[in-house]
Amino acid sequence: MLDIDLAELYHVETRRLNEQVKRNLNRFPKDFMFQLTEKEWANLMSQNAISSWGGRRKMPFAFTEHGVLMLSSILNSERAIQVNIQIMRIYTKLRGMLKDHKDILLKWKSWKIKWASMTITLKQCLTTLRNY
């Protein structure tokens with residue numbers, strides 16, 4: 001998630017959120033947060049029709065799942081706590097959905113392999129019958 005979106009969720013200004021992050025950089029390793037490049041930001045703006053009017057002086061920060069969760073420890077407010085609880089619930093549901101879909105995908109692949117082997121066997125039988 002981008003810093004601007006998280007700031008909106010937490011009801012703080014983006015610059016305040018980023019100030020808190022900078023004061024606690026040791027809590028945000030590279031796999032928790034990174035800054036977008038100009039090319040990535042331009043691509044994101046074009047894909048999402050984000051207005052460039054006014055612009056930003058610095059490229060936005062993007063937070064991974066762990067970075068979003070870490071924000072609750074540095075943004076000490078009731079809103080931050082409630083948002084964090086909701087985010088954890090959403091991530092838990094997403095993980096469950098991914099696991100369920102993975103099981104379905106694995107079953108489908110298994111059926112596909114079985115069907116392919118049955119098709120080959122059927123083709124071999126038909127070829128054998130034609131040769132007689």
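The values are calculated or read from the model by the stated rules, or taken from the named source; none is laboratory data. All of these numbers come straight from a predicted model, not from anything done at the bench. Counting neighbours? That spans all protein chains shown, and the Cβs are built from the backbone with ideal geometry, glycine included.
Residues that are in contact with a strand residue (DSSP E or B) (Cβ under 7 Å, 6 or more places away or on another chain) and not in a helix (DSSP H, G or I) were ranked within the stretch 1-24; the one that is modelled with the highest pLDDT is 2. Taking (1) within 17 Å of the chain's Cα centre (by Cα); (2) surrounded by 10 or more Cβ atoms within 10 Å (Cβ to Cβ); (3) modelled with pLDDT under 75; (4) not charged (D, E, K, R) in turn, residue 64 satisfies each apart from (3). When restricted to residues that are assigned to a helix (DSSP H, G or I), modelled with pLDDT of 85 or more and among the aromatic types (Phe, Trp, Tyr), the stretch 25-50 contains 0.
Could you identify the single residue in 89, 95 that is surrounded by 11 or more Cβ atoms within 10 Å (Cβ to Cβ), modelled with pLDDT of 70 or more and either in a helix (DSSP H, G or I) or of a type in the set (Ser, Thr, Tyr) (or both)? Just one listed residue meets the conditions, 95.
Within the stretch 68-77, take every residue that is modelled with pLDDT of 85 or more and part of a helix (DSSP H, G or I) and give me the one that is farthest from residue 1 (Cα to Cα).
Here the answer is 74.
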